[in-house]
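One structure is given here, and the rest of the page talks about it.
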């Protein structure tokens with residue numbers, strides 16, 4: 001029977017199938033590369049393999065403050081029979097390359113990082129020498145190469161230094177600088193527009209314009225940013241089909257991925273699916289997944305761009321975000337697998353049993369001696385404080401019983417979580 | 001004997017004692033609070049405990065799309081003997097607060113998030129009702145409170161929502177927004193100025209001005225930023241005492257913490273300790289620690305501000321950074337313990353034996369089934385590629401033998417590392 005108070009009752013899709021369907025539908029949408037200055041490259045994804053174009057160091061240099069000598073002349077040297085060298089010069093790190101030659105019976109002072117003069121085969125630490133007027137005395141046999149960093153010790157021309165997909169860390173940025181680069185090609189961040197529904201948010205905002213009414217959008221924007229997206233809070237969708245449609249149309253034009261929060265369920269003012277269908281083909285692909293919470297999550301595709309439809313309850317919204325939006329961001333960044341989502345293995349603190357649906361279980365992970373313990377966090381799926389008490393989640397298949405102590409794979413919400421696990 | 005080619009040979013301090021000495025010397029230097037808009041609060045450290053000033057929700061609301069009814073009227077309801085209700089109104093989330101009253105025999109349509117009308121004690125899912133002309137039929141007994149999120153379910157006035165020292169995550173920012181805040185008091189980031197020595201960097205820069213010559217400073221700046229500091233690359237110190245002194249003096253004026261790279265050893269152009277001593281009391285406090293690599297690390301205090309003196313070899317520099325600069329940043333942010341440094345427990349992949357000094361051992365951690373494995377990364381302490389191959393480190397006391405499989409505490413370099421552990 002057709003009822004005006006029920007919009008539809010879609011079949012709930014297996015969430016993992018739905019996720020695969022989404023990723024497959026937009027698998028060609030990897031972001032292009034863009035060039036950024038090294039100072040701004042931290043956390044960005046390298047677009048191409050980086051090979052060394054230089055030798056580092058590009059000459060033999062001293063590792064220590066000392067004297068460069070020819071080791072042949074230290075043969076059989078001892079405290080009672082030292083090898084003596086006349087000091088004929090000084091070299092500093094800025095003196096590269098050098099034409100100075102060490103002749104028989106001569107030594108050159110070399111400050112740490114200085115080039116090795118011609119004719120020298122090792123450097124001897126200052127503290128290991130005796131000073132005798134203008135000569136130094138070496139009191140043991142020195143092996144060839146002692147105290148020297150040979151040409152190419154750090155890297156050689158043609159070495160693969162960093163592979164594409166590398167999320168650039170401080171040391172990676174440093175190594176690119178040492179190749180002589182001042183900029184690097186990284187994957188452009190996918191622009192993700194976040195739209196919130198509906199009229200109650202507008203009412204809140206008009207009551208106090210300084211207040212951030214759509215706080216769930218702020219949470220989603222923060223999570224998306226941490227995963228490498230360029231997240232934009234694109235405003236509030238009023239409770240009217242044509243206005244929702246216009247907002248989504250604008251967001252599709254301005255960005256690579258659209259995420260809506262709320263308005264996806266079966267209420268009479270849940271206009272998002274209709275709007276997505278109105279905007280282009282194929283429209284809504286999945287509406288409703290067999291996941292608890294998060295069941296009314298879904299997605300559509302409009303002219304090749306994805307619209308992720310998240311539920312309005314924050315717990316459900318987060319579940320839908322990690323099911324659809326997080327892997328989408330990784331795929332757009334060209335990163336395989338779970339992308340930038342930190343994960344770890346933990347022991348479950350309490351028994352857990354699922355019903356006919358997949359479970360998105362919030363957990364709070366802490367460290368015990370030699371292991372992580374994941375405690376289930378319970379609370380209404382509309383309570384933001386429940387998310388605040390959590391630092392990650394696990395996904396448990398339907399009809400599964402996990403005993404306390406079972407090993408589970410925990411996905412941490414973001415980069416900021418691990419540093420606070422105590 | 002006084003030798004012109006040896007500046008001094010300081011006694012090496014136990015690194016943990018040296019670290020404590022530094023932290024104690026500047027324990028009063030916690031940064032003041034500053035107010036930032038919520039949009040910019042991600043990753044910042046909360047300056048004060050945050051208490052709720054509101055009830056969320058501040059009225060009973062429906063969790064589902066359905067009908068609000070008085071449950072007393074559903075007593076003994078069944079498919080054969082349904083309880084019938086006349087639909088007298090509709091409520092949506094924006095309709096708060098409501099004066100609508102449900103009288104006997106009446107039901108009100110409530111969209112998910114709408115307020116509960118007076119007289120109703122539960123909501124029934126649309127799908128669980130039958131529509132019969134202008135009436136709905138309820139076919140089972142409904143319990144009081146079903147489908148309702150009661151006032152204060154998420155949080156109540158006066159609840160502690162977030163404690164100070166919390167590094168704000170997306171969900172924390174969201175919960176602050178739901179308190180009606182648009183800004184929050186966070187701990188100001190300590191400004192950390194990074195100075196590099198010496199002339200060879202100036203020579204490199206003048207050869208190619210677009211090149212970033214002082215790449216180690218870039219690494220240190222990135223690591224410091226990840227730990228919550230406001231890091232500035234403050235330039236290159238030429239190889240002359242008065243110029244080094246002037247650079248450090250300027251950096252001390254402009255920032256909260258000064259970090260120098262290079263020029264701390266016993267070479268004839270190692271001017272940093274002399275400069276620090278020249279600038280104010282007490283000057284150099286520790287020069288040289290019993291740590292390998294990193295032995296020539298040290299610090300001074302000038303008029304209450306710390307100058308961390310890092311070695312010029314990158315491996316030693318990183319060791320000194322984590323020994324002195326990282327805990328300093330945490331202390332300035334008012335965070336106890338290891339601060340923002342992510343850590344985990346891992347099994348050592350190979351035997352490890354230390355000599356008379358503490359060992360700063362670079363490791364590469366990866367995940368095996370149910371555990372992390374930490375493999376030692378070897379390589380010259382002057383090779384940046386060694387750091388690139390690593391994602392963390394362990395500290396091993398002197399004269400210690402750790403068998404393969406021993407459990408070790410790994411400090412990851414930064415927030416970006418865990419997401420890349422595979």
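Please treat every number below as a calculation from the coordinates, not as lab data. This structure is a prediction, so every number in the text was calculated from the model and none was measured. Cβ placement follows ideal geometry from the backbone for every residue including glycine, while neighbour counts extend to all protein chains displayed.
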Worksheet entry | Other-copy label distances relative to residue B:127, 7 angstrom Cα-Cβ extension, nm | 7.6
Practice prompt. Grab the beta carbon distance between residue A:34 and residue A:156, set R0 = 25 Å, and tell me the FRET efficiency rounded to 0.05.
Written response: 0.30
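Averaging sequence separations of C-alpha pairs under 8 Å and six or more residues apart, then dividing by the length of region A:61-149, give the relative contact order as a whole percent. Kindly include the intermediate steps, with their values, before the conclusion.
Numbers: 230 pairs, mean separation 39.3, N = 89.
Relative contact order of region A:61-149: 44 percent.
For region A:343-418, what relative contact order do you get, as a whole percent, if you take Cα pairs closer than 8 Å and at least 6 residues apart?
Answer for region A:343-418 is 45 percent.
Just want to confirm a number: the relative contact order over chain A, from Cα pairs under 8 angstrom separated by 6+ residues, in percent.
Numbers: 975 pairs, mean separation 67.3, N = 422.
It rounds to 16 percent for chain A.
Listing B:75, B:61 from the residue with the fewest other Cβ atoms within 10 Å to the one with the most, what is the order? Write out the running numbers ahead of the final one.
On the way: B:75 9, B:61 23.
The order, fewest Cβ neighbours first, is B:75, B:61.
Give me B:252, B:328, B:368 sorted ascending by neighbouring Cβ count inside 10 Å, so fewest comes first.
B:368, B:252, B:328
Determine Rg/Rh for region A:61-149; Rg is computed over alpha-carbon atoms and Rh is the Kirkwood hydrodynamic estimate from the same atoms.
0.93
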Practice prompt. Mind pulling the angle between the C-alpha long axis of helix A:15-25 and the longest principal axis of chain A? Nearest 10 degrees, somewhere in 0 to 90.
Written response: 70 degrees
Response to the item:
The rounded separation in angstrom of the Cα centers of region A:320-398 and region B:303-357 is 31 Å
Fill in: Within region A:32-66, backbone nitrogen closer than 15 Å to the virtual label 7 Å beyond the Cα of residue B:210 toward Cβ
A:35-39
Discussion item. Rounded to the nearest angstrom and ordered from largest down, what semi-axes does the equivalent ellipsoid of chain A get from its C-alpha gyration tensor (root of 5λ)?
Written reply: 63, 25, 17
Fill in: Cα gyration tensor shape of region A:253-346, rounded if a/c is under 1.5, else prolate or oblate by comparing a/b with b/c
oblate
Worksheet item: How far apart are the residue B:336 label points across copies, placing each 7 Å from Cα toward Cβ, in nm, shortest first?
Response: 4.3
Practice prompt. Could you give the spread of the C-alpha atoms of region B:127-166 along their three principal axes, from largest to smallest, in whole angstroms?
Written response: 58, 16, 14
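Going by a ≥ b ≥ c, the root eigenvalues of the Cα gyration tensor, does the protein assembly as shown fall in the rounded group (a/c under 1.5), the prolate group (a/b larger than b/c) or the oblate group?
Details: a/c = 2.71, a/b = 2.54, b/c = 1.07.
Because a/c hits 1.5 or more and a/b exceeds b/c, the protein assembly as shown counts as prolate.
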Worksheet, complete the sentence: Per-residue Cβ contact counts at 10 Å, fewest first, order B:321, A:358, A:51 as A:51, A:358, B:321
Worksheet, complete the sentence: In degrees rounded to 10, the 0-90 angle between helix A:241-254 Cα long axis and the longest Cα principal axis of chain A is 20 degrees
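Could you tell me which of rounded, prolate or oblate describes region A:343-418, using a ≥ b ≥ c as the square roots of the eigenvalues of the alpha-carbon gyration tensor, with rounded for a/c under 1.5 and, failing that, prolate when a/b is larger than b/c and oblate otherwise? The partial results should precede the final answer.
On the way: a/c = 1.77, a/b = 1.10, b/c = 1.62.
It comes out oblate by the Cα gyration axes.
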Response to the item:
Contour minus Cα-Cα span, residue A:49 to residue A:351, at 0.36 nm per residue, comes to 104.2 nm
Practice prompt. Can you grab the distance from the C-alpha centre of region B:99-154 to the C-alpha centre of region A:59-98, Å, no decimals?
Written response: 91 Å
Worksheet item: Can you give the angle from 0 to 90° between the axis of helix A:215-226 and the longest principal axis of chain A, with both taken from C-alpha atoms, to the nearest 10?
Response: 30 degrees
